[in-house]
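The values are calculated or read from the model by the stated rules, or taken from the named source; none is laboratory data. Remember, predicted model here, so these are calculated numbers, not experimental data. As a convention, Cβ positions derive from the backbone with ideal geometry for all residues, glycine included, and neighbour counts pool all protein chains shown. Just so you know, the surface numbers come from the protein's heavy atoms only, side chains and all, with ligands and any DNA or RNA stripped out. Shrake-Rupley method; radii C 1.70, N 1.55, O 1.52, S 1.80 Å.
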Amino acid sequence: MSTGFSSSSCRFADYFVTCGLDTESGLEPDELSGENFEQSPLRRTFKSKVLAHYPDNVEWNPFDQDAVGMLCMPKGLSFRTQTDIREPQFHSFIITREDGSRTYGFALTFFEEVTSKQICSAMQTLYHMHNAEQYDILHTPPTPRSPEDTRSTPQQLLAAPSLSRLQRFNSYDISRDTLYVSKCICLITPMGFAHACRRVLEQLHQAVTSPQPPPLPLESYVYNVLYEVPLPPAGRSLKFLGVYGPVVCQRPSTAELPLFDFPLQEVFELLGVENVLQLFTCALLEIQILLYSQHYQRLMTVAESITALMFPFQWQHVYVPILPASLLHFLDAPVPYLMGLHSNGQDDRTKLELPQEANLCFVDIDNHFIELPEDLPQFPNKLEFIQEISEVLLAFGVSSEANPQCSEGLGKLRGFRSGDMASDKRNGNLAGSPLNSYLLRENQTIARLQALVKRTGVSLEKVNCESEQPDSKVQCDEEEMKMHQLNIRVREVFANRFTQMFSDYEVFVIQSSQDKESWFSNRDQMQNFDKASFLSDQPEPYLPFLSRFLETQMFASFIDSKILCHDDEDKEHTLRVFDSRVDKIRMLNVRTPTLRTSMYQKCTNIDEAEKAIEMRLCKIDHTALHPHLLDMKIGQGRYEPGFFPRLQSDVLSSGPTSNKWAKRSAPAQWRRKDRQKQHAEHLYLDNDQREKYIQEARNLGTTLRQPKLSNLSPSVIAQTNWKFVEGLLKECRNKTKRMLVEKMGREAVELGHGEVSITGVEENTLIASLCDLLERIWSHGLQVKQGKSALWSHLLHYQESKEKRDATPAGLERRKSDAGCAMPPLKVSLIQDMRHIQNISEIKTDVGKARAWVRLSMEKKLLSRHLKHLLSEHELTKKLYKRYAFLRCDDEKEQFLYHLLSFNAVDYFCFTNVFTTIMIPYHVVIIPSKKLGGSMFTANPWVCVSGELAETGVLQVPKNTLEITFECQNLGKLTTVQMGHDNSGLYAKWLVECVMVRNGITGHTYKFPCGRWLGKGVDDGSLERILVGELATNTTETEDRMCRTPPMQQSPGMMRRFVTISPNSKPKLNTGQIQEGVGEAINGIVKHFHKPEKERGSLTLLLCGEYGLVWALEQVFQHGFKSPRLFKNVFIWDFLEKAQVYFESAEQSQVTQDENWQMRVRHFCHFMRAINSTPRNIGKDGKFQMLVCLGARDHLLHHWIALLAECPITAQMYEDMALLKDHSLVNSLIRVLQTLQEFNITLEASLVKGIGI
């Protein structure tokens, strides 16, 4: 007998509650639960009351009458007659307080005969009124108004039903029928021991329904469970006595996964593995989740299972597994939530009016299906994961598909167990075989699975602990044991996914250098995790999921708690368990911790976890005091069979004084400490119960954590909505800031990563979460919902009203641009941008259209401006939104638009990069030099535009206008323009300043500078050139090049300082500057390849663009180059051709050279010949560019430099001080060029057209 527990443990149950019909206040209809009055009176709901609760109050868990009343009987009272089914129903619920701590409730609802004459006659009166109405309806021609009332359907088949016949179908007759009303007994406990509580309640109920009275008065049992049964300490099991048999509960140790006592099997049988995993993914990404079922216990089981499987992370937002009918307006909450909604089993999904569905995961539990939001990323290694879970389930005979029969069979099986309770004195212990054969009869799939498993030699009878210890016996029934085993196995598999995925997370945690106080006050500004570096280590397929997951509140809170707990002692339970597992993986994986593979690693520690539970259930550690007679007056404690009595409050109001653990001394001290400390202590003292809320640490946009479950007055609702509005604004501020900082790479630079541009995946994640925020803002306080996207619906209303008002779209303003008048800017028009989106046939849904429109507006830097126009239509906003809506709070709306305005500081390509297959109109203008007007030019020009996604092919340009508009599939960001002419006519020489190309949808204008001649016998004799372009920016931005991101080449370095002359007048650089130029060009290429593939900019720019590799090597060859005489230009290509001739003759004269030399010479000459024989009319500089690109691709540049430095031709054509003649400089140049060897350089097709190497 052990009852002396440490002070940190406490009582098994805090309160015992009874709810039901208050005969004094009579029948009060429950309008809030939304049932209509066309229902027959027996089908309506009436208000229930908390009839009694014992004790009155406990200091550490104040009694919340409203919440308990609502959740014990969420639909209020229901009535039945003797003809109805009146099975007792068990369900559990959870009350989450504002600080995030939780209390569990377990309720058993059963029916008792109504003895009050007033109530019976009130019901009779209601029936007379109802029948009279129904009679009127039936005798009027229109169809009956009440299709839901299943009992009233048959009379529609009768031609002229008489009243008596009508009453027979749908009636209550006080003289003939017995009226029953629902009543509920409930335990409120600090921890979720669902099985034990269910057993206690079922045995109490059985005591009042069985013919023999129980051995002791009911008060003794209630007193025992309230005051004499302690919570089992961590890692121990506890046995106490119910009315008819022992009740066992066990609690995991501090090294195991936290307590979880709901059947996961049921969740997988109801939804199937695939759906469970999709729902799990939605929960991890903090998408709004709405569960829908007509069984309260199913709602609770699914919600608790999903949140338990998240270990070590915890759901941080609104969590109401059972949403009482009176709180339905909470579905309007513009925050992430996980809620359960009760269905009446008759209405289908289409009848549900949900305020926002753009980012909602809707789970119809009873019909085994799930609706997912658009573009949900895959959970990493999804297929292998499903496979591993299915194997665990199969070993227990559970199918991995959702299985309707199975779930019903399960229900019957449970009923079957509680029915047997009375006769089975061994506390309902079922033998193994009835269970198996029962399920086999119910379900052929399981039969097939079992046969299959038997063939593979796996025993299906779950191993009892007897196999190891012959004399021990499991102390709970087999079904419960099986539940524990299956639960722990599945949970270990899930937990293992996170330990594998985040095994090296500690490396990336950014520890704060500040003290805790200042860390708290600056929490919003701080980065706590180096996301960019973490993601760059992850396998490519993981990125879409991980990049979104790292943005969630649950991940941030997890890392915060890591930062706050430096040593193991402080660590909160989940973190301690997780860290110890991660350490184990690190020990096992001798491989370098930071290099990740996407190899799937199965869970290996299932067996030990299962053994720990079996050990506790075989050998019970503690036994509580048995129930005993209390000090009650004679005559107390008697009651009538069939009725649950009002218990004697005097004996139940307080517990024994001597009991050491019954009182908690801690709370008084907690209140004196600051809030933060309180959280930590709270957690440490009672890990499982206080499931991690260091909410102070990061209250990002979740100003409202938990709805207050009370009957809400208009003022409370208004206050709640105000909290929502503030929360939305705060979230908007944080999101915009986060996106800007990411985009500008400033924080990354502060963290010492040098330049970092945002990854494509990450950018998509942030923009998707911005779209989600906009949808939530637009659906807050909507009057009438149309379509799934509130934002798109508002835009359509706006478009309609605008088009009615004016045939020509208004608000067409010109945008400033430095492209000169050659390329007039696109007009700014919200409607026009909507039309672009409406014309994209690939986008089918409203949500998709809204997202595409947001992306396009971001790319055009017009999001804030467009939304301002949209919201300036005040009449429309008034028509669509309620007064309290965010969009009608003027100050907040202004601030919100101001935050969005900050996006204009950076360049996004979030539309171009995502909609890669759409058709886009492009406009090309060729601008000839103003000095030598191209008016005499006679040849026919052509262009070919290339982008990161595609190229156009050759397009003829009319020579009189020099501009062309064409439509083609999205080219992506533009990289090069090839242009040339056919050399026809008398004057075929042409000096081109630049080519401008504009994307007709996004308005992006690219400038391709040229500044060279095209023509035979002029410049380098070229008839075509490859131009490399950049996005033309507004004049204000050109001054400050630093703010142009993402950098389309490396950030402006030293070279800008030296080269202030235009490219066509050759600048004279000294050797130091030239070396620096080469270094920067190579550096740019190295950085390019060190970025994840999705982030890389244009390699062509780094090779051929301004200050690229071609330019740098041009400087090397130009240095000390002898210019033979005035007025004749000698090109580097001339020198290379002479060198080629020398090498070829040296090869023929068989001058003895080593093998290496001959190999290099052969390559060099081969490339020179190939370039010279190309059919393209590229000039000498174009050929040099081609040679450098090919040399870089094939890793030959450093060999060629070595060859040429030794070549006698160099001695003839260069001055003595030339860089090529300085051995030490040449050697360092070779070393720098060798760094390109490790990269696989792929050249854009336009650079090497016509070369077959």
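In the range 77-99, which residues are within 16 Å of Pro190 (Cα to Cα) and in contact with a strand residue (DSSP E or B) (Cβ under 9 Å, 6 or more places away or on another chain)?
Matches in the range 77-99: Ser92, Phe93, Ile94, Ile95, Thr96, Arg97.
Within the set of pairs 6 or more residues apart or between chains, which connect a residue that is open to solvent by less than 30 Å² (accessible area, probe 1.4 Å) and among the aliphatic types (A, V, I, L, M) inside the range 40-61 to a residue that is modelled with pLDDT of 80 or more and in a loop (DSSP other than H, G, I, E, B) with Cβ atoms less than 7 Å apart?
From residues that are open to solvent by less than 30 Å² (accessible area, probe 1.4 Å) and among the aliphatic types (A, V, I, L, M), the pairs are Ala52/Arg646; Ala52/Leu647; Val58/Asp14.
Got a number for residues in the range 257-275 being in contact (Cβ under 8 Å) with a residue 60 or more places away in the chain and assigned to a helix (DSSP H, G or I)? Spell out how you get there, then give the answer.
Going residue by residue through the range 257-275, those that are in contact (Cβ under 8 Å) with a residue 60 or more places away in the chain are 257-266, 268-275.
Cutting the leftovers down to assigned to a helix (DSSP H, G or I) gives us 264-266, 268-271, 273-275.
So the count comes out to 10.
Looking only at the range 1006-1016, decide whether some residue is part of a loop (DSSP other than H, G, I, E, B) and under 27 Å from Met936 (Cβ atoms).
Initially, the range 1006-1016 is screened for residues part of a loop (DSSP other than H, G, I, E, B), giving 1015-1016.
In the following step, the residues that additionally are under 27 Å from Met936 (Cβ atoms) were identified as 1015-1016.
So far as the range 1006-1016 goes, yes, one or more of its residues are part of a loop (DSSP other than H, G, I, E, B) and under 27 Å from Met936 (Cβ atoms).
Taking the range 582-628, which residues are among the hydrophobic types (A, V, I, L, M, F, W, C) and modelled with pLDDT under 80?
The initial filter retains those residues of the range 582-628 that are among the hydrophobic types (A, V, I, L, M, F, W, C), namely 582, 585, 587-588, 590, 595, 599, 603, 606, 609, 612-613, 615, 617-618, 620, 624-625.
Selection gives Met587, Leu588, Val590, Leu595, Met599.
Only one of these conditions is not met by Leu166: (1) modelled with pLDDT of 90 or more; (2) surrounded by fewer than 22 Cβ atoms within 10 Å (Cβ to Cβ); (3) in contact with a Phe, Trp or Tyr (Cβ under 7 Å, 6 or more places away or on another chain); (4) not basic (Lys, Arg). Which number is it?
(1)
Among the residues of the range 958-988, which ones are in contact with a helix residue (DSSP H, G or I) (Cβ under 9 Å, 6 or more places away or on another chain), of a type outside the set (A, V, I, L, M) and open to solvent by 60 Å² or more (accessible area, probe 1.4 Å)? Show your work before the answer.
Taking the range 958-988 as the starting set, the residues that turn out to be in contact with a helix residue (DSSP H, G or I) (Cβ under 9 Å, 6 or more places away or on another chain) are 959, 962, 975-978, 986-987.
Now narrow it down to the ones that are of a type outside the set (A, V, I, L, M): 959, 975-976, 978, 987.
Across the range 958-988, the qualifying residues are Lys959, Tyr987.
Are there any helices (runs of 4 or more DSSP H) wholly within the range 1173-1218 with 3 or more residues that are farther than 19 Å from Thr1071 by Cα and within 51 Å of the chain's Cα centre (by Cα), and if so which? Walk me through how you get there before you give the answer.
Working: elements: 1180-1193, 1197-1206, 1208-1213.
Hits in the range 1173-1218: 1180-1193.
Mind listing whichever residues of the range 832-857 are hydroxyl-bearing (Ser, Thr, Tyr) and without any contact (Cβ under 8 Å) to a residue 12 or more places away in the chain?
If we filter the range 832-857 for residues that are hydroxyl-bearing (Ser, Thr, Tyr), which is where we start, we get 841, 845, 857.
Listed by number, the list holds a single entry, Ser841.
Just to be sure I understand, how many residues within the range 137-154 are more than 51 Å from the chain's Cα centre (by Cα) and either within 21 Å of Arg80 (Cβ to Cβ) or at pLDDT 70 or above (or both)?
Final tally of qualifying residues: 0.
What number of residues within the range 183-205 are closer than 28 Å to Thr45 by Cα and open to solvent by 20 Å² or more (accessible area, probe 1.4 Å)?
Selection size over the range 183-205: 4.
Just checking, which of Asp982, Asp907 is charged (D, E, K, R), under 27 Å from Ser857 (Cα atoms) and out of contact with any Gly (no Cβ under 8 Å at 6 or more places or on another chain)? Let's see the steps before the verdict.
On the way: Asp982 fails: under 27 Å from Ser857 (Cα atoms).
When all the criteria are applied, what remains is Asp907.
Look at Tyr244 and say whether it is open to solvent by 30 Å² or more (accessible area, probe 1.4 Å), part of a loop (DSSP other than H, G, I, E, B) and of a type in the set (Phe, Trp, Tyr). Step through it out loud before you land on a result.
Working: open to solvent by 30 Å² or more (accessible area, probe 1.4 Å): yes; part of a loop (DSSP other than H, G, I, E, B): yes; of a type in the set (Phe, Trp, Tyr): yes.
For Tyr244, the condition - open to solvent by 30 Å² or more (accessible area, probe 1.4 Å), part of a loop (DSSP other than H, G, I, E, B) and of a type in the set (Phe, Trp, Tyr) - is met.
On the given criteria, is Ser533 modelled with pLDDT of 75 or more, under 21 Å from the mean Cα position of the chain (by Cα) and part of a loop (DSSP other than H, G, I, E, B)? Even if it seems obvious, please write down each step before you answer.
Values: modelled with pLDDT of 75 or more: yes; under 21 Å from the mean Cα position of the chain (by Cα): yes; part of a loop (DSSP other than H, G, I, E, B): no.
When the stated conditions are applied, Ser533 does not pass them.
Report yes if Gln65 is more than 20 Å from Leu341 (Cα to Cα), within 44 Å of the chain's Cα centre (by Cα) and not hydrophobic (A, V, I, L, M, F, W, C), otherwise no. Before you say what the answer is, go through the steps one by one.
Values: more than 20 Å from Leu341 (Cα to Cα): yes; within 44 Å of the chain's Cα centre (by Cα): yes; not hydrophobic (A, V, I, L, M, F, W, C): yes.
The answer is yes for Gln65.
Output the residues belonging to the range 893-908 that are more than 10 Å from Cys732 (Cα to Cα), in contact (Cβ under 8 Å) with a residue 60 or more places away in the chain and not acidic (Asp, Glu).
Ser902, Phe903, Ala905, Val906, Tyr908
Which of (1) closer than 28 Å to Thr499 by Cα; (2) part of a helix (DSSP H, G or I) does Leu299 not meet, given it meets every other one?
(1)
Residues checked against (1) surrounded by 19 or more Cβ atoms within 10 Å (Cβ to Cβ); (2) within 26 Å of the chain's Cα centre (by Cα); (3) modelled with pLDDT of 90 or more:
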{"site": "Ser841", "(1), (2), (3)": "no, no, no"}
{"site": "Trp853", "(1), (2), (3)": "yes, yes, yes"}
{"site": "Ser857", "(1), (2), (3)": "yes, yes, yes"}
{"site": "Leu867", "(1), (2), (3)": "yes, yes, yes"}
{"site": "Thr916", "(1), (2), (3)": "no, yes, no"}
{"site": "Ile926", "(1), (2), (3)": "yes, no, yes"}
{"site": "Met936", "(1), (2), (3)": "no, no, no"}
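Do you know which of the residues in the range 893-909 that are within 27 Å of the chain's Cα centre (by Cα) and modelled with pLDDT of 85 or more is surrounded by the most Cβ atoms within 10 Å (Cβ to Cβ)?
If we take residues in the range 893-909 being within 27 Å of the chain's Cα centre (by Cα) and modelled with pLDDT of 85 or more, then Phe896 is surrounded by the most Cβ atoms within 10 Å (Cβ to Cβ).
Are there any helices (runs of 4 or more DSSP H) wholly within the range 702-799 with 2 or more residues that are under 29 Å from Arg888 (Cα atoms) and at pLDDT 60 or above, and if so which? Quick ask: steps written out before the conclusion?
Numbers: elements: 714-744, 746-750, 760-779.
Result: 714-744, 760-779.
Does Pro541 qualify as being at pLDDT below 80 and either assigned to a loop (DSSP other than H, G, I, E, B) or surrounded by fewer than 15 Cβ atoms within 10 Å (Cβ to Cβ) (or both)?
On the way: at pLDDT below 80: no; either assigned to a loop (DSSP other than H, G, I, E, B) or surrounded by fewer than 15 Cβ atoms within 10 Å (Cβ to Cβ) (or both): yes.
So Pro541 fails the test.
Quick check: is even one residue across the range 1125-1137 modelled with pLDDT of 85 or more and open to solvent by 40 Å² or more (accessible area, probe 1.4 Å)?
Looking through the range 1125-1137, at least one residue is modelled with pLDDT of 85 or more and open to solvent by 40 Å² or more (accessible area, probe 1.4 Å).
Report whether or not Lys878 is over 26 Å from Val925 (Cα atoms), at pLDDT 90 or above and open to solvent by 40 Å² or more (accessible area, probe 1.4 Å).
Spelling it out, Lys878 is indeed over 26 Å from Val925 (Cα atoms), at pLDDT 90 or above and open to solvent by 40 Å² or more (accessible area, probe 1.4 Å).
Considering only residues that are farther than 19 Å from Ser305 by Cβ and modelled with pLDDT of 90 or more, look in the range 81-102 and name the one that is most open to solvent (accessible area, probe 1.4 Å).
In this case the residue turns out to be Gln89.
Does Leu323 satisfy the condition of being surrounded by 19 or more Cβ atoms within 10 Å (Cβ to Cβ), hydrophobic (A, V, I, L, M, F, W, C) and not in a loop (DSSP other than H, G, I, E, B)? Spell out how you get there, then give the answer.
Details: surrounded by 19 or more Cβ atoms within 10 Å (Cβ to Cβ): yes; hydrophobic (A, V, I, L, M, F, W, C): yes; not in a loop (DSSP other than H, G, I, E, B): no.
No, not satisfied.
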